[in-house]
Every structure is written in C-alpha cells, then in structure tokens.
Amino acid sequence: MEIIKYSKVYRIIHWAIAVSFMLLLITIFLRLTWMNKFNVAAIIKDYLIGTGQNLSDDQLIILAKKIRQPMWDWHIYIGYVLVGLFSARFILPAFGQMKFQNPFDKNLTAKMKIQKWTYIIFYVCVIVSLVTGLIIELGPKELKKPMEEIHVLGIYYLIAFIAIHLAGVLIAEFTNQKGIISRIISGSKTKIKKH
C-alpha cells in the first residue's frame, strides 16, 4: 500500500479549510438556535415588559437582527476566507502541489474511485455555496432571495461530508493506512516499533 505524504502547503490549506468550515457551522448553529431572531426578540420583549416599555413585533425583530449582525458578519468574513482558500486549492496543482482528484484513473480500486468522486461532489457543492454567497453579498438585489434558497442547503452537504470524511479517516487509521492522522497533522509518518 502506498503511503501518502502530505506537504506543508497541503496541510496548511487542509486545516485552514477545516477550521473555516467549523467556524461557519458555529455561526449557522448560533443563528438557528440561541441567536435566532425570534428568540432574541422574545428576550428583548420580556425585558421591556419588566420596564414598562413596549415595541411592536416588527421593531423587536429589527432590533434582534441588529444585535446578532456582528456574529453573522463573521459568517461573511469566513466565507471570503474560504473563497481565497479554495482559489489557492485549485491554483496549487499548477505548481505541483495538492493534485486534483482523478476518479477516471484506470489503476484505482472501486473504493478509491468512490473516495475521489466524494471529494469532487464536495468541491462542486462548496463552489456552489461560495458563488451563491458572493452573489448574496455582492450581486444584484433581485438575485438575493433565490441565491439564499440555494445557499442555505449548504449546511446539509457540509455536515454530511464532515461525517463521511471523519468516518473514512478513522476507518483508514485503524485498517490499511495507519498513521494517516499523524501525517495530516505533522507531515511525518508515525514511528513503527519493531519487536
């Protein structure tokens, strides 16, 4: 079995993308749970009732959106970082770094072809998410709503990919690719003790 070695550039890009995705998931999770505009509006409403003040439901929602906006700005900033990281990811093969996945290679096993197709599908989904995100932020206003409808679907492929990726890495680590985790972290092989 061929031992894959990961260059420093590969590892930096890999982990920068991984951290960026986790930060994006945190912002999405917060927006859907504790920082949901309706939850924040209800907290404000309860507070105002205690002080004898009152705002309409529309005003409460506007205020709630303003409170959570700095958190959502981070989602946008991280999205820009991902645009840069994925641009680098697709430019680096021209310099001999981070080869493209080729599922059509005749020397691949069925398992390896499935792995490579999984990555290609993931890359296509990420590109769709990044492009729709850029159109939402920078594009014409009439495209914002349809792009948002596509963009929000990204959470499903992202969670699915992370689960598949982690399961695949753990299976590889404990079967035929021992040391894969240490190689993607440090770039070196784990030392095998001889008995």
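The values are calculated or read from the model by the stated rules, or taken from the named source; none is laboratory data. The structure displayed is predicted, hence computed values, not measured ones. Every residue, glycine among them, receives a Cβ derived from its backbone with ideal geometry; neighbour counts consider all protein chains shown.
Can you tell me which residue among Ile121, Ile136 is of a type in the set (A, V, I, L, M), in the same structural domain as Ala167 (by TED's automatic domain parsing) and farther than 25 Å from Ile164 by Cα? Write out each step before concluding.
Numbers: Ile121 fails: farther than 25 Å from Ile164 by Cα.
Result of the check over Ile121, Ile136: Ile136.
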Within the stretch 86-195, helices (runs of 4 or more DSSP H) holding 3 or more residues that are at pLDDT 90 or above:
110-138, 144-151, 154-174
If the requirement is being modelled with pLDDT of 95 or more and either within 30 Å of Ser186 (Cα to Cα) or surrounded by 14 or more Cβ atoms within 10 Å (Cβ to Cβ) (or both), which of these qualifies: Val9, Val83?
Val83
Over 23 Å from Arg11 (Cβ atoms) and touching a residue at least 40 places away in the same chain (Cβ under 8 Å): is that true of Gly139 in this structure?
no
Test each condition in (1) touching a Ser or Thr at 6+ places or on another chain (Cβ under 7 Å); (2) among the aliphatic types (A, V, I, L, M); (3) closer than 30 Å to Phe95 by Cα for Met71 and report the one that comes out false.
(3)
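Test Met22 against the stated conditions and say whether it is free of Cβ contacts under 8 Å to residues at least 60 places away in the same chain, outside any helix (DSSP H, G or I) and within 27 Å of Glu148 (Cα to Cα).
Details: free of Cβ contacts under 8 Å to residues at least 60 places away in the same chain: yes; outside any helix (DSSP H, G or I): no; within 27 Å of Glu148 (Cα to Cα): yes.
So Met22 does not fit the description; no.
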Inspect the stretch 69-76 for any residue being part of a loop (DSSP other than H, G, I, E, B), at pLDDT below 95 and not hydroxyl-bearing (Ser, Thr, Tyr) and give the result as yes or no.
no
Pairs please, first residue from the stretch 77-101 and within 14 Å of Val9 (Cα to Cα) and of a type in the set (Gly, Ala, Ser), second anywhere and modelled with pLDDT under 90 and assigned to a helix (DSSP H, G or I), Cβ atoms under 9 Å, 6+ apart in sequence or on different chains.
Ala88/Val9
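Within the stretch 172-182, does at least one residue satisfy the condition of being farther than 23 Å from Ile13 by Cα, of a type in the set (Val, Ile, Thr) and over 21 Å from the mean Cα position of the chain (by Cα)?
Yes, the stretch 172-182 contains a residue that is farther than 23 Å from Ile13 by Cα, of a type in the set (Val, Ile, Thr) and over 21 Å from the mean Cα position of the chain (by Cα).
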